[in-house]
Amino acid sequence: MHYALVSDLLTQEAFEERVEQKSASLGGLVDEVTAAMMVVDELGRSHIKIGSIPSARTQVVSFFGRILEIRPPREFTREGEPPGLVASVVLGDPTGTVVMTLWDDRAEAAGELETGSVIEVIAKPRPGKKEVTCLALRESRVTIVETKKPPKSEVMASPLTVRILIISEVREITRRDGTPAFLQEFIIGDASGTARMVTWTPELFADVDEGSCISVTGVQRKEDDGIVEYVVSDSAEIKIIPGEIEVLSKDASEVTEGLNPVVTGVVTSVSDLKTFITKRGTESRVRNIQIRGSAEKSGVNAAVWGDAADMLFLPGDAVQVVNAEAKLNRYGELELSVGRGSAIRMVPVPGKAFFGTGMLIRRPEGLSLDDGTAVWILETDETPVIGTTADVEGISGNGRVEVTGIWPRPADPSSAAARLRPLL
């Protein structure tokens, strides 16, 4: 069984020889199983904790788990082949839970397992998921007393009544059989907090806008490690309801470890954008910002990941961080993580009418207007020629101008010379 963990490193004959040598070197004090585990460990493929499975970088993992739930085998059809069997088992240890899938012959063996017993497993993990496919298993004498609670899932008997806080773009996803599917994600909230909601039928929400209060029937509620998620069925009914639904929020100085609903504050500092390669080999981005709470109170760090990191943040911006988890970072400070299932957005503030004349320049923050004494970041879809002088009209606030008009001026050599004179 243990050879599966190192089959890419040496032949089975070489592995068995090492096991024999290990057993002999210990004077026969350990059995063959223990000797095999020791050899595997020496080759860098030791057992891991269940909580580490989603981030495992190996194609095969081994671990011990206590059986929390056994889902009996069910038959399914394969095109042009005999029917197959599939079963699943929920396993846990103090670090987390995982769903193990068993196919065909192994699915039949699921009936021989007992809830509460501990097994040793060799399995193929699904990257980023709390799921594995069983390759081999055996009963173990290892003791696991406490485990994380297994995930819960139930169809809600009553309608889900919430406020829509964030609506994500519809994403096309390819199923395992090659057919397309369409997924849309939402962040919802009420007086108890916030949560992620998903649907595979985006057209159901065609008439729903951010800020809408809705009532939804046909919703499945899932809970895992205290994190709640809702899945809207294809047959769901959605009604927009009048009135306002208050959503739990807190000041940036009140952030606690774990999931936080809506966190409000003001940006005080912004780091440079950093790119990195993910565990899946794709490129992504991260930016760190500091958010201050209300007057005379402390703030919190926030790590903003992926596309959200491309947003322009300036000191003084009022922001909301929605449905983000806070953990201790390597410096022992609480840090909000804004990634999948969470969001950050600007809080609109009253602006002032703006009219200015200056040179259009490109800065790291974006298109800007420089009048020689001050610089404004321009928010516009227009693409004027960089380096020209222009009149700009719009609404200004915190160093930005929401542009309503740009009018380039004819080239003026004397003006350009005057601007360059202090530099010569």
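The values are calculated or read from the model by the stated rules, or taken from the named source; none is laboratory data. Predicted, not measured: the structure shown is a model, and the values here were computed from it. Cβ sites come from the backbone with ideal geometry, for glycine too, and all protein chains shown count toward neighbours. Each accessible area value is taken on the protein alone, full model and side chains, heavy atoms only, with ligands, DNA and RNA left out. Shrake-Rupley method; radii C 1.70, N 1.55, O 1.52, S 1.80 Å.
Before moving on, here are some points about what is shown:
- Residues (open to solvent by 60 Å² or more (accessible area, probe 1.4 Å) and in contact with a Lys or Arg (Cβ under 9 Å, 6 or more places away or on another chain)) located in region 116-136: 127, 135
- Residue check, residue 376 hydrophobic (A, V, I, L, M, F, W, C), open to solvent by 80 Å² or more (accessible area, probe 1.4 Å), in contact (Cβ under 8 Å) with a residue 12 or more places away in the chain and in contact with a strand residue (DSSP E or B) (Cβ under 7 Å, 6 or more places away or on another chain): no
- Per-region count, region 107-137, residues of a type outside the set (A, V, I, L, M), farther than 17 Å from residue 87 by Cβ and part of a strand (DSSP E or B): 2
- Any hit, region 139-148, residues being β-branched (Val, Ile, Thr), exposed (fewer than 15 other Cβ atoms within 10 Å of the Cβ), closer than 28 Å to residue 124 by Cβ and touching a residue at least 24 places away in the same chain (Cβ under 8 Å): yes
- For residue 281: the one exception among (1) at positive phi; (2) assigned to a helix (DSSP H, G or I): (2)
- Cβ-Cβ contacts under 6 Å between residues 6 or more apart (or on different chains), taken from a first residue in region 42-68 that is in contact (Cβ under 8 Å) with a residue 60 or more places away in the chain and basic (Lys, Arg) to a second residue that is in a loop (DSSP other than H, G, I, E, B) and open to solvent by less than 40 Å² (accessible area, probe 1.4 Å), are listed as 66/144.
- The set of residues in region 220-265 that are under 19 Å from residue 191 (Cα atoms), part of a strand (DSSP E or B) and β-branched (Val, Ile, Thr) comprises 227, 228, 240, 262, 263, 264.
- Residue among 203, 172, 154 that alone is open to solvent by 60 Å² or more (accessible area, probe 1.4 Å) and in contact (Cβ under 8 Å) with a residue 12 or more places away in the chain: 154
- Remark: residue 226 falls outside the filter, which requires a residue to be at pLDDT below 95, at positive phi and more than 25 Å from the chain's Cα centre (by Cα).
- Qualifying positions in region 174-193 - hydrophobic (A, V, I, L, M, F, W, C) and touching a Pro at 6+ places or on another chain (Cβ under 7 Å): 182
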